[in-house]
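Structure record follows, encoded as structure tokens.
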Amino acid sequence: IYHEYVNFLKLMNVGQIITNNCEIFKGLSQKDIKCISSYLKIKEFAKNDILMKKGEPADTLMIILTGSTRVINEDIQIASNKIGDVIGENIFIDDGVRNANVQAIEDTSVAVFSLDDFRGFLYQNRLLALEIRNRVISIKNEHELQNQGSNFIDVKKYVALIAHNEMKASLVEFC
């Protein structure tokens, strides 16, 4: 019973946290926030726990309530997330799979929104559900633009060739 009470208290604060910190909920009414919050479940992770694993189905979206996370792809940190940030934006992509690992930097709690939750939300409030989906897709597209060059591998060594050619004159002077 104690654990259920703690979750109840956390859910009471979820609406306030997402209203103040979460971009996808900016400008929504308190009634809309309350409706969305009713579908969220609280989950806690310890420091270094993996919240999402690369290659797994993208069937949940998470909103960071406390703590912080890092997004890791091929042992390279490509992003970090703080309170109010959304992770798991691939939830609304047809072939949605996780394209990176997400790891807790510190003890972290998140609000979890699953595809099943979305279906129920869609049935209850179609227009609001579609608006939230569009906002999440917009965030996903923004993140892809930010990370566009971070996974580039120069197999032809063009960058090294350009640098070499740029430095030829200074190397000749040095000799």
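The values are calculated or read from the model by the stated rules, or taken from the named source; none is laboratory data. This is a predicted model, so every value here is computed, not measured. With ideal geometry, Cβ positions are generated from the backbone for all residues, glycine too; neighbour counts draw on all protein chains shown. Just the protein is used for accessible areas: all its heavy atoms, side chains included, with ligands, DNA and RNA removed. Shrake-Rupley method; radii C 1.70, N 1.55, O 1.52, S 1.80 Å.
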Original post:
With each pseudo-label sitting 7 Å past Cα toward Cβ, what's the residue 112-residue 143 distance in nm, one decimal?
Top reply: 1.7
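Using a 1.4 Å probe on the protein chains only, how many percent of the accessible area of the stretch 76-135 belongs to carbon and sulfur?
Values: 1520 of 3090 Å².
Within the stretch 76-135, the accessible surface is 49 percent carbon and sulfur.
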Subject >> Label-point separation in nm, residue 30 to residue 119, each point 7 Å along Cα→Cβ >> reply: 3.4
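Give, as a single signed number, the net charge of other residues whose beta carbon lies under 13 Å from the beta carbon of residue 73, with Lys and Arg counted +1 and Asp and Glu -1. Numbers along the way, then the final one.
Values: positive: 53, 54, 70, 98; negative: 74, 75, 144.
The answer is +1.
In what order, largest first, do 126, 133 sit by accessible area if the probe radius is 1.4 Å?
Working: 126 145, 133 75 Å².
In descending accessible area the options line up as 126, 133.
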Original post:
In square angstrom, rounded to the nearest 10, how much accessible surface does residue 22 have for a 1.4 Å probe?
Top reply: 0
Original post:
On the first, second and third principal axes, largest extent first, how far apart are the outermost C-alpha atoms of the stretch 45-136 in Å?
Top reply: 38, 27, 18
